[in-house]
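Some notes on the structure that comes next.
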Amino acid sequence: MFDQCVALLKQRGVEKTDIIDCVYYLQKRYIADLTLDRIEHYVDSVLNKREVQHAIITGIQIDILTEQGIFADERFNQLIMDDYSLYGVDEVLAYGICNLYGSIALTNFGYIDKVKPGIIGKLNEHTTQCNTFLDDIVGAIAASAASKLAHDREKKA
Ligand code: MG
């Protein structure tokens with residue numbers, strides 16, 4: 001399922017390197033010798049978790065079905081397509097990922113969601129592709145990898 005998730009993210013315009021860049025953005029000021037290779041190990045670890053994989057697939061499926069206008073309630077469909085700011089279920093699904101990695105993941109997620117670095121900003125440029133769930137999923141994966149990195153660093157110190 002790891003490969004399936006990486007392929008699904010890629011199909012929706014998100015490369016693993018984009019997520020690695022977001023983690024670097026979050027952690028660079030705390031870890032002086034941080035390398036992208038080291039970050040990749042943490043991103044892979046998050047992507048290997050079954051609950052994370054299910055969240056990725058669920059969120060992306062909702063985005064795709066929304067694009068296709070499949071939901072029976074048209075207003076509901078439009079609400080997701082417009083990424084309506086008070087909808088919030090996209091963030092709640094992302095919290096499901098962050099909750100597996102503790103409070104640092106949640107605060108990192110809030111930060112990345114506000115600042116929207118790199119790919120997160122790109123996903124928020126409104127195009128014909130619905131990224132309502134995808135941007136939060138990507139943010140949550142990056143925030144979770146950053147949290148795991150921070151905890152491991154503390155263990156070694
Ligand atoms: Mg969203």
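The values are calculated or read from the model by the stated rules, or taken from the named source; none is laboratory data. Just so it is clear, the model here is predicted, and its values are computed rather than measured. Glycine also receives a Cβ, built like all others from the backbone with ideal geometry; neighbour counts cover every protein chain displayed. Each accessible area value is taken on the protein alone, full model and side chains, heavy atoms only, with ligands, DNA and RNA left out. Shrake-Rupley method; radii C 1.70, N 1.55, O 1.52, S 1.80 Å.
Consider Gly13 carefully, then state whether it is part of a loop (DSSP other than H, G, I, E, B), away from the ligand (no atom under 15 Å from the Cβ) and either acidic (Asp, Glu) or within 19 Å of Asn131 (Cα to Cα) (or both).
Here the answer is no, as Gly13 does not meet what is asked.
Considering every residue within segment 64-76, establish whether at least one is over 17 Å from Tyr24 (Cα atoms), in a helix (DSSP H, G or I) and open to solvent by less than 10 Å² (accessible area, probe 1.4 Å).
yes
Test Ile104 against the criterion of being in contact (Cβ under 8 Å) with a residue 12 or more places away in the chain and within 16 Å of the ligand (Cβ to nearest atom), and give yes or no.
Here the answer is no, as Ile104 does not meet what is asked.
If a residue must be away from the ligand (no atom under 14 Å from the Cβ) and at pLDDT below 95, how many such residues does segment 128-146 contain?
Residues in segment 128-146 being away from the ligand (no atom under 14 Å from the Cβ) and at pLDDT below 95: 1 in total.
Before we move on, is Cys98 more than 21 Å from Gln68 (Cβ to Cβ), open to solvent by less than 70 Å² (accessible area, probe 1.4 Å) and not aromatic (Phe, Trp, Tyr)?
Yes.
Looking only at segment 120-134, which residues are in a helix (DSSP H, G or I) and open to solvent by 10 Å² or more (accessible area, probe 1.4 Å)?
Scanning segment 120-134 gives Gly121, Lys122, Leu123.
Within segment 25-36, can you find the residues that are over 25 Å from His54 (Cα atoms) and assigned to a helix (DSSP H, G or I)?
Tyr25, Gln27, Leu36
When the residues of segment 107-117 are filtered to those that are outside any loop (DSSP other than H, G, I, E, B) and open to solvent by less than 60 Å² (accessible area, probe 1.4 Å), which remaining residue is nearest to the ligand (Cβ to nearest atom)?
Of everything passing the filter in segment 107-117, Asp113 is nearest to the ligand (Cβ to nearest atom).
Determine the pairs where a residue that is assigned to a loop (DSSP other than H, G, I, E, B), located within segment 82-93, has a partner that is open to solvent by less than 70 Å² (accessible area, probe 1.4 Å) and of a type in the set (S, T, N, Q) with Cβ atoms under 6 Å apart, the partner being 6 or more residues away or on another chain.
Once the first residue is assigned to a loop (DSSP other than H, G, I, E, B) and sits in segment 82-93, its partners that are open to solvent by less than 70 Å² (accessible area, probe 1.4 Å) and of a type in the set (S, T, N, Q) give Asp83/Thr132.
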